[in-house]
Amino acid sequence: METLGTLSGAGLRAAGAGRNAEEAYAPVVCPVADGVRVLVVARGMASSGIPPSWAATAKRPGVAYVPEPTAAAAAEIVERVRRIRRPGDLVVVSVHWGSNWGYRVPREQVRFARALVDGGVDVVHGHSSHHPRPVEVHRDRLILYGCGDFIDDYEGISGYEEYRDDLRVAYFPSLEAGTGRPAQVRMVVLRARRMRLEPASEEDRAWMRATLDRISPGTGITAGPGGVLGAAGTTGAVREPNGTSFPTF
C-alpha cells in the first residue's frame with residue numbers, strides 16, 4: 001500500500017499490483033499522442049520466486065499472481081484486454097518470470113509469450129533474470145524473454161561472471177501506429193558501477209551484441225551509430241526464427 005501510494009503521489013500508474021484483485025489484475029491505460037493508448041498488463045509468476053501469499057484477493061492488497069505460464073493464463077489476459085481495447089490501442093504484457101541466471105528459455109514460457117501475441121498483444125516484456133535473455137519477433141511482434149536488471153544491489157556477487165551482469169540494456173521499441181509492428185528496436189548498453197549507470201565501452205557493447213545475436217537465433221542483432229544495438233532491420237526487415245520451434249539455452 002505504501003508503494004502504491006508513493007507511485008500515485010508521483011503521478012505514476014501502477015500495473016500488476018493493487019489494493020485488491022480487481023485493481024491488481026486489470027490493464028492500466030496510458031494515453032499517448034494523437035489519441036493512441038497503451039494498455040499495460042503485468043503478472044508475476046511462481047518461477048521468479050513470488051510466493052502465492054503475495055497474490056491480491058478481493059479483500060487484500062497484493063500482486064497479480066500467476067502460478068504457471070499456461071494457455072489458460074494467457075487466455076485470461078487476452079480476454080481482459082479485449083474488454084477495454086479500442087481500435088489503434090497498443091498492448092504491452094509485462095511478466096516477471098523465470099530463474100536468475102542462464103540463457104535457457106523454458107518451452108512453456110515460449111508457448112505462453114507466443115499465445116499472448118497470437119491473442120493480439122504487441123509487446124511481451126519479460127524480466128526477472130539478472131542479465132538479458134533472447135529477443136524474438138513472432139508474427140511481427142516483439143518478445144523480450146528477459147531484459148535483465150537496470151539498477152540493483154547485486155554488484156560484487158561472484159560465480160556468475162560469464163553472464164556479465166554488470167552490463168545493462170535499456171530497450172526502446174518504436175511501434176508502427178495502427179499495426180503494433182516494431183518499426184525500430186533500439187538497445188542502449190550501459191554499465192553499472194556503485195549503484196549508478198554509465199555508458200558501456202565499445203568492447204562491452206560488442207560483447208553484448210555478439211551475445212544477444214548468439215542467443216536470439218533468426219532475429220539478428222546489429223550495431224548502429226554510437227554503438228546503439230538494434231534488432232536487425234526492424235523497419236520491415238525483422239526476421240522471425242525459422243519454423244515454429246524456438247531454441248532454448
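The values are calculated or read from the model by the stated rules, or taken from the named source; none is laboratory data. Note that the structure is predicted; figures quoted are calculated from it, not measured. Using ideal geometry, Cβ is built from the backbone for each residue, glycine included, and neighbour counts are taken over all protein chains shown.
For the reader, a short list of remarks on this structure follows.
- The combined condition, being outside any helix (DSSP H, G or I), under 17 Å from residue 125 (Cβ atoms) and free of Cβ contacts under 8 Å to residues at least 60 places away in the same chain, is not fulfilled by residue 74.
- All positions within the range 12-31 that are farther than 18 Å from residue 120 by Cβ and either β-branched (Val, Ile, Thr) or at pLDDT below 95 (or both): 12, 13, 14, 31
- The C-beta contact set for the range 129-158 (first residue touching a residue at least 60 places away in the same chain (Cβ under 8 Å), second residue surrounded by 24 or more Cβ atoms within 10 Å (Cβ to Cβ) and of a type in the set (Phe, Trp, Tyr), distance under 8 angstrom, 6+ apart or interchain) comprises 133/145; 134/145; 135/145; 136/145.
- Lone qualifier among 56, 71, 75 - being surrounded by 15 or more Cβ atoms within 10 Å (Cβ to Cβ) and of a type in the set (A, V, I, L, M): 56
- Looking at 87, 69, just one residue is in a loop (DSSP other than H, G, I, E, B) and modelled with pLDDT of 95 or more, and that residue is 69.
- Pairing residues of the range 96-118 that are touching a residue at least 40 places away in the same chain (Cβ under 8 Å) and part of a loop (DSSP other than H, G, I, E, B) with residues that are crowded, with 20+ Cβ neighbours inside 10 Å and basic (Lys, Arg), at Cβ distances under 7 Å and at least 6 apart in sequence or on separate chains, gives 103/133; 105/133.
- Remark: residue 96 falls outside the filter, which requires a residue to be touching a Cys at 6+ places or on another chain (Cβ under 6 Å) and either buried (at least 17 other Cβ atoms within 10 Å of the Cβ) or under 16 Å from residue 27 (Cα atoms) (or both).
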